[in-house]
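*Asks:* First, the structure itself, so that you have it in front of you.
No value in this document is a laboratory result; all are computed from the given coordinates. For clarity, every value in this text was computed on a predicted model and none was experimentally measured. Note that each Cβ is placed from the backbone with ideal geometry, even for glycine, and that neighbours are counted across all protein chains shown.
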Amino acid sequence: MAFRMKSVKLLNREAKQEYFGESPSVFVGHYGYPRVNIGFLNVEEYTEQDDPLKWSAKNKQIPEIVDLRTQLVNSNFQQHVKSFSDRLVGMSQEVGMASTPAEMELKLSKKPRFATVFNQDAQPHGPSVRLERARLTSNVKVDTRVEKVVDDVDLKSAPALMRLYKKGFDEHFLRKLFSVGNLGVKVQRKLVPTRWSITTVDDTLGKELIKDIKDFSEGDCRVYIGGYLGNYYVVLFFDDLWSYELFEGYLPLLHRHGADAWDTDYENYLGRTEYATNTVGGYYAARLSILEKLKTRKQQAAVLALRFVTTEYSAPLGVWVVREAVRKAMNAAPLVFPDRDAMKRYVIDYCRKRFGFDVTSTIEQESRLLKNIKMQTRLSSFL
């Protein structure tokens, strides 16, 4: 990426060991747990370096996103996940609550050398440098609704997350709030590594939404298609009770190895009892975006999602890409079908033409969701 290399050279030329900056977020590592590295992600001047929902809305592409994230210095210190008496941990909790990036003065152990650090599931960031000293240089701006939930030390984390989510706080903000130990019953609060907190928030919000959509009637047969940054989704809504299955694959491997290259996870009406080990964080991120659509439509459905990852996705940017790619699909005009067979025929034909891949066996033989639908006896058959 020539654009990023030029920016990195400029950053290294202007890098400082001691400076005033703005911190939009905190990165909590997982290595060495329960003693982990806690880092203020900061930049001298904040210009949307930590706003994936805005990136998606503006349709920003990979080089620009990587360039933005590379500017963030991870100025870190080490602490136990339960040590809230530490001054720097307290500061990290304030940053996690903030409505706008916190203004800080920082001194690092050395001048940062800029390069992009990629993390599984989480967004990339710039160099990691040990923090020597930090202080907030102005009062952190906190929404009173957030402050009220954080101050409620008897409120469990799941209802706390859902209360703020229903008030319009997005999952990216909620992840920051949860990761720095600001939510939950007081004696149970602790720092949560960033990569774990992302999936926890997606899963928690999803489970709460599932409770709601189970009260809705079954919808019709429809397909949503869309994507972002080389991640494309074909999502089938079947006229049935809630269940969900995700197939995902890297398109070059699908072409080479066929259906064996799919990763897949599934849940029936009763939900999962184990972590989705095959599709990991993407499973919960895609499910959340799908459930948001069902909640808006006030209907439930059996949902089969097919994810095609193409070579366009040239750098791992984090699981937020999945969430936003599915949202773009959910916001597209749906294709509505008279019955399930017509919908399946369309999807098979579409995937063959669009991706050069035959999903016939995936839909007709490998899908646990569709096998269960076929086995179920519908109430309407007795009428």
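*Asks:* Positive end of the dipole of the chain, charges at C-beta (+1 Lys, Arg; -1 Asp, Glu), about the Cα centre: which of Gly181, Leu161, Met104 has its Cα farthest in that direction?
*Replies:* Sorting the options by dipole projection puts first Met104.
*Asks:* For region 74-136, which trypsin sites (Lys or Arg not before Pro) pass both filters: DSSP loop (anything but H, G, I, E, B) and at most 16 other C-beta atoms within 10 Å?
*Replies:* Qualifying residues, ordered by number: Lys82, Lys110, Arg113.
*Asks:* If you don't mind, there's one more thing I want to ask. Could you sort 265-277, 174-186 so that the peptide with the highest average Cβ count within 10 Å comes first and the rest follow in order?
*Replies:* Packing order, densest peptide first, comes out as 174-186, 265-277.
*Asks:* If the cut-off is 16 Å between C-alpha atoms, which aspartates and glutamates fall inside it for Lys141, apart from same-chain ones fewer than 8 positions away?
*Replies:* Cα-Cα hits under 16 Å: Glu22, Glu94, Glu103, Asp151.
*Asks:* What pairs in Lys60/Lys293; Lys166/Lys186; Lys111/Lys186; Lys176/Lys207 have C-alpha atoms more than 26 Å from each other? Can you show the working numbers first?
*Replies:* Values: Lys60/Lys293 23 Å; Lys166/Lys186 23 Å; Lys111/Lys186 38 Å; Lys176/Lys207 19 Å.
Cα-Cα > 26 Å for Lys111/Lys186; rest within.
*Asks:* Right, here's the next one. Given an 8 Å cut-off on Cα distances and at least 6 residues of separation, report the relative contact order of the chain as a percent. Write down the numbers at each step before the final one.
*Replies:* On the way: 742 pairs, mean separation 60.0, N = 383.
In percent, rounded to a whole number, it is 16.
*Asks:* Please turn the phi angles of region 98-115 into ³J(HN,Hα) values with the Karplus equation 6.51 cos²θ - 1.76 cosθ + 1.60 (θ = phi - 60°), one per residue in order, whole Hz, x for glycine and proline.
*Replies:* 5, 7, 9, x, 7, 7, 9, 10, 10, 10, 9, 5, 7, 5, x, 10, 6, 6
*Asks:* With angles folded into 0 to 90 degrees, how steeply does helix 340-355 sit against the dominant principal axis of the chain? Use alpha carbons for both and round to 10.
*Replies:* 50
*Asks:* Relative contact order for region 2-136: what is it in percent, counting Cα pairs under 8 Å that are at least 6 residues apart? All intermediate terms of the calculation are to be shown ahead of the outcome.
*Replies:* Numbers: 253 pairs, mean separation 43.3, N = 135.
RCO, region 2-136: 32 percent.
*Asks:* If amide H atoms are built 1.01 Å from N in the plane of the peptide, which residues on other chains or at least 5 residues away come under 5 Å of the amide H of Gly226?
*Replies:* Excluding prolines and chain starts, which carry no amide H, the hits are Tyr233.
*Asks:* How long are the three semi-axes of the equivalent ellipsoid of region 174-214, in whole Å, if each is the root of 5 times an eigenvalue of the C-alpha gyration tensor, listed from largest down? Intermediate results must be reported in sequence, preceding the final value.
*Replies:* Values: eigenvalues 90, 30, 9 Å².
The three semi-axes for region 174-214 are 21, 12, 7 Å.
*Asks:* Calculate the radius of gyration of the Cα atoms of region 95-156 to one decimal place, then report Dmax, the largest Cα-Cα distance, as a whole number, both in Å.
*Replies:* 15.8, 44
*Asks:* Follow-up question, since we're still on this one. Taking the chain as the reference, fit the longest principal axis to its C-alpha atoms, fit the long axis of helix 2-14 to the helix C-alpha atoms, and give the angle between the two in degrees, 0 to 90, nearest 10.
*Replies:* Between the helix axis and the principal axis of the chain, the angle is about 20 degrees.
*Asks:* Something else about it: For region 2-136, what is the convex hull (Cα atoms) projected area averaged across all directions, in square nanometres?
*Replies:* Details: hull surface 32.3 nm².
Dividing the Cα hull surface by four gives the mean projection, 8.1 nm².
*Asks:* Just need the Rg to Rh number for the chain, please, alpha carbons only, Kirkwood Rh. Mind dumping the intermediate values first?
*Replies:* Working: Rg = 22.2 Å, Rh = 22.2 Å.
A ratio of 1.00.
*Asks:* Just to confirm the number: angle between the C-alpha axis of helix 157-166 and the first principal axis of the chain, 0 to 90 degrees, nearest 10?
*Replies:* Tilt relative to the chain: about 80 degrees.
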